[in-house]
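Trainee: What follows is a structure written as structure tokens; I'll ask about it next.
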Amino acid sequence: MEHEATTTPTATETKRPLLVVSGIEKSFRMGSQTLHILRGVDLTLHETEMLSIVGQSGSGKSTLLHQIGLLDKPDGGTVTYDGTRLPFRGARAAAVRNRLYGFVFQFYHLLPEFTALENVIMPKMIGEGWSAYGRQKREIKEKARALLERVGLTDRMKHRPPQLSGGERQRVAIARALINDPPVLLCDEPTGNLDVETSGGIKDLLWDLNRTERQSMVMVTHDKSLAERTDRTLELVDGMLRAL
Ligand SMILES: Nc1ncnc2c1ncn2[C@@H]1O[C@H](COP(=O)(O)OP(=O)(O)O)[C@@H](O)[C@H]1O
Ligand SMILES: [Mg+2]
């Protein structure tokens with residue numbers, strides 16, 4: 001019997017481009033000096049792809065994630081989502097950011113005076129506005145509870161961040177990042193503040209979200225063992241990305 005042709009396209013080739021980042025430039029002026037941090041960054045994130053960006057400390061990884069995440073305005077270049085060019089500034093950028101992205105940061109950025117459940121609900125309150133939130137309160141709370149269960153915090157919903165371990169705080173932050181069903185999760189050193197064992201659990205969780213729920217994500221990381229588990233790794237060198 002004849003074998004079938006073995007020209008199976010790679011996973012990336014068959015997937016739809018979701019985010020297309022093109023020619024991003026960013027400099028910072030420090031006194032008389034200008035630091036050219038990003039010098040024309042191009043990258044494409046495909047649907048359901050888990051992409052990692054590595055690079056030396058100070059190479060501009062966080063700066064790049066801020067431009068992609070519409071938290072800052074680049075000096076040049078564009079970001080498109082599903083073919084539409086995204087705004088970098090103003091209320092429109094904030095609205096797009098809230099709908100499109102979930103953010104996970106190294107230091108969690110949780111509100112210490114609110115419970116885990118309230119922290120997860122927060123982006124919904126902000127996104128929906130107070131009165132719309134009031135009408136959907138029950139469903140939103142249910143969803144937040146389900147997300148906290150999903151990240152393994154069934155017994156920690158009423159704890160406040162100071163009463164949680166680092167790994168538990170990051171799990172709350174991941175649940176919060178998912179409350180608006182963002183098409184793209186942006187993570188900046190998600191395991192950077194955790195010991196080896198705890199960070200292993202966070203890596204497993206992120207990987208599982210990608211494999212089980214097909215969550216697309218861009219992961220900035222120092223952590224080689226995390227990068228190795230992603231679909232594709234790019235390295236930021238001299239202000240530009242190259243395949244690793
Ligand atoms: N707001 C800023 N003003 C001036 N310099 C900055 C600013 N943000 C970042 N930088 C500089 O840009 C470089 C890249 O920073 P960053 O993106 O945080 O690097 P990484 O995340 O790869 O460690 C660093 O040298 C940093 O000092
Ligand atoms: Mg950084």
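Trainee: I'm trying to understand the selection: among the residues of the range 85-124, which are more than 25 Å from Thr221 (Cβ to Cβ), touching a Leu at 6+ places or on another chain (Cβ under 9 Å) and not in a helix (DSSP H, G or I)?
Mentor: Across the range 85-124, the qualifying residues are Pro87, Arg89.
Conditions (1) polar (S, T, N, Q); (2) surrounded by 15 or more Cβ atoms within 10 Å (Cβ to Cβ); (3) outside any loop (DSSP other than H, G, I, E, B), marked per residue:
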site: Ile37; (1), (2), (3): no, yes, yes
site: Leu45; (1), (2), (3): no, yes, yes
site: Ile53; (1), (2), (3): no, yes, yes
site: Gly58; (1), (2), (3): no, no, no
site: Thr63; (1), (2), (3): yes, yes, yes
site: Leu71; (1), (2), (3): no, yes, no
site: Thr80; (1), (2), (3): yes, yes, yes
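Trainee: Determine the pairs where a residue that is among the basic types (Lys, Arg), located within the range 58-77, has a partner that is near ligand 1 (Cβ under 6 Å from one of its atoms) with Cβ atoms under 8 Å apart, the partner being 6 or more residues away or on another chain.
Mentor: Matching pairs, first to second residue: Lys61/Gly55.
Trainee: Report the residue count in the range 157-197 for those that are assigned to a helix (DSSP H, G or I) and in contact with a Ser or Thr (Cβ under 7 Å, 6 or more places away or on another chain).
Mentor: Residues in the range 157-197 being assigned to a helix (DSSP H, G or I) and in contact with a Ser or Thr (Cβ under 7 Å, 6 or more places away or on another chain): 2 in total.
Trainee: Could you tell me whether the range 129-152 includes any residue that is among the aromatic types (Phe, Trp, Tyr), free of Cβ contacts under 8 Å to residues at least 60 places away in the same chain and away from ligand 2 (no atom under 16 Å from the Cβ)?
Mentor: The answer is yes; a qualifying residue exists.
Trainee: Any residue in the range 83-100 that is closer than 12 Å to Lys73 by Cβ sitting within a Cβ distance under 9 Å of a residue that is charged (D, E, K, R)? List the pairs, counting only those 6 or more apart or interchain.
Mentor: If the second residue must be charged (D, E, K, R), the pairs left are Leu86/Arg92; Leu86/Arg97; Phe88/Asp72; Phe88/Lys73; Arg89/Lys73; Ala93/Lys73.
Trainee: Can you name the residue in the range 125-156 that is in a loop (DSSP other than H, G, I, E, B) and not β-branched (Val, Ile, Thr) and, of all such residues, is farthest from the chain's Cα centre (by Cα)?
Mentor: Checked the range 125-156; the qualifying residue farthest from the chain's Cα centre (by Cα) is Gln136.
Trainee: Residue under question is Phe103, and the condition is that it be more than 17 Å from Gly40 (Cβ to Cβ), touching a helix residue (DSSP H, G or I) at 6+ places or on another chain (Cβ under 9 Å) and within 16 Å of ligand 1 (Cβ to nearest atom); does it hold?
Mentor: When the stated conditions are applied, Phe103 passes them.
Trainee: Let me ask another. Just one of (1) under 18 Å from the mean Cα position of the chain (by Cα); (2) over 18 Å from Arg242 (Cβ atoms); (3) outside any loop (DSSP other than H, G, I, E, B); (4) away from ligand 2 (no atom under 16 Å from the Cβ) trips up Ser27, so point out which.
Mentor: Among (1) under 18 Å from the mean Cα position of the chain (by Cα); (2) over 18 Å from Arg242 (Cβ atoms); (3) outside any loop (DSSP other than H, G, I, E, B); (4) away from ligand 2 (no atom under 16 Å from the Cβ), the lone unmet condition for Ser27 is (1).
Trainee: Do any residues in the range 202-230 that are in a helix (DSSP H, G or I) have Cβ atoms under 6 Å from those of residues that are small (Gly, Ala, Ser), where the two are at least six apart or on different chains, and which pairs are they?
Mentor: From residues that are in a helix (DSSP H, G or I), the pairs are Ala227/Ser52.
FYI, it's all coordinate maths here, none of it is from the lab. The structure presented is a predicted model; accordingly, all values stated were derived computationally and were not measured. Neighbour counts are summed over all protein chains in view; Cβ atoms, including those assigned to glycine, are modelled from backbone coordinates with ideal geometry.
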